[in-house]
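Only the coordinates and a few stated rules stand behind these numbers; no lab work does. Computed from a prediction, not measured in an experiment: that's the story for all the values here. Here Cβ is always computed from backbone atoms with ideal geometry, including for glycine, and neighbour counts include all displayed protein chains.
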């Protein structure tokens, strides 16, 4: 029987800490050569108000075969709808029978932040405690959760263009966590003096400037996943040691990397390593307390599939979710 799982069910079945550990296993497996992760394929609507993205793959560990189909509509920001809508489809790797249909909004929200959290544990300084978040949407919420798992936070600063959104985020976060969370009047005010920075916006123009960066910072750049948008200016990219989830994805999809590349400010050797190489121990990661480390997150199908597989296994064990008889059979 095919298991169907909703957004609230996914949220309950995929704790952030579990997902962070799972993402480490998955990306280390991919770095060893297990699994398959082709580039995603987007289909833009004619007026560019949104796209349908298709992300097929095969995760090596855990073994999970499937496809995420996601509709990305940035215009949903500020509404009751997540900008990312869709489903993760899992298939039995032995016979191709569909075994799960899982809400992709929550899978994406959790696994994206979980990867950033796992990376922050490995690249940020051990004593990093002051967090700046640029953006107040879904990814801001889950990244705050992931950063609180990765490091003991003493202060969180939040900035977005909307004062109303900033206030709402601070109110909710302050109720959920026991460390101080405050809104700032500018991105620069949030970033200067911080130890960890997460950019989780829908902006096409830079929201993080290199002139704001200080030695020892770690940055998770998450919001842009297309070649014509970036959250970091060229100076910020030049000043950072760049780590990526996948080289192939970065050189084809990441505006944060491609725009400075086109300007001649960097070349492809600016990519220090894939995170999987750090996990394998073939690259040391941060080499000095003075390093400014940057993780450019684009998101990989294997991450979605591994997370969906984990959710499915827990759903089966706990009897959660609807069931439907799908799959073609011969008589």
*Based on the Cβ-Cβ distance of residue 247 and residue 63, what FRET efficiency does E = 1/(1 + (r/R0)^6) give at R0 = 30 Å, to the nearest 0.05?*
0.80
*Taking the Cα centre of each part, how many Å lie between region 31-110 and region 193-208?*
24
*What order, most packed first, do the peptides 54-60, 94-100, 212-218 have when packing is the mean number of other Cβ atoms within 10 Å of each residue?*
54-60, 212-218, 94-100
*Please report how far the C-alpha centroid of region 214-251 lies from that of region 255-331, rounded to the nearest whole angstrom.*
15
*Label point at residue 80 placed 7 Å out along Cα→Cβ; residues across region 138-152 whose backbone nitrogen lies under 18 Å*: 138
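Remind me, relative contact order of the chain in percent, using alpha carbon pairs under 8 angstrom and six or more residues apart?
Working: 755 pairs, mean separation 73.4, N = 331.
Taking the mean separation of contacting Cα pairs over the length of the chain, I get 22 percent.
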*Ranked highest first by the average count of other Cβ atoms within 10 Å around their residues, in what order do 107-113, 149-155, 86-92 fall?*
107-113, 86-92, 149-155
_Listed peptides 286-296, 233-243 by packing density, highest first (mean Cβ within 10 Å)_ = 233-243, 286-296
*Apply 1/(1 + (r/R0)^6) to the Cβ-Cβ distance of residue 167 and residue 17, taking R0 = 22 Å, and write down the FRET efficiency to the nearest 0.05.*
0.15
*Spin-label point model (7 Å from Cα, Cβ direction): what's the residue 126 to residue 177 distance in nm?*
2.2
*So what's Rg/Rh here for region 122-296, counting alpha carbon atoms and using the Kirkwood radius for Rh?*
0.95
_Contour excess over end-to-end distance, with Cα ends at residue 7 and residue 316 and 0.36 nm allotted per residue_ = 109.6 nm
*Calculate, for residue 41 and residue 330, the FRET efficiency according to 1/(1 + (r/R0)^6) with r their C-beta to C-beta distance and R0 35 Å; round to the nearest 0.05.*
0.65
_Run the helix sum for the chain: -39,500 (n - 2.57) per DSSP H stretch of 4+ residues, divided by residue count, reported at 222 nm to the nearest 500 deg cm²/dmol._
-11000 deg cm²/dmol
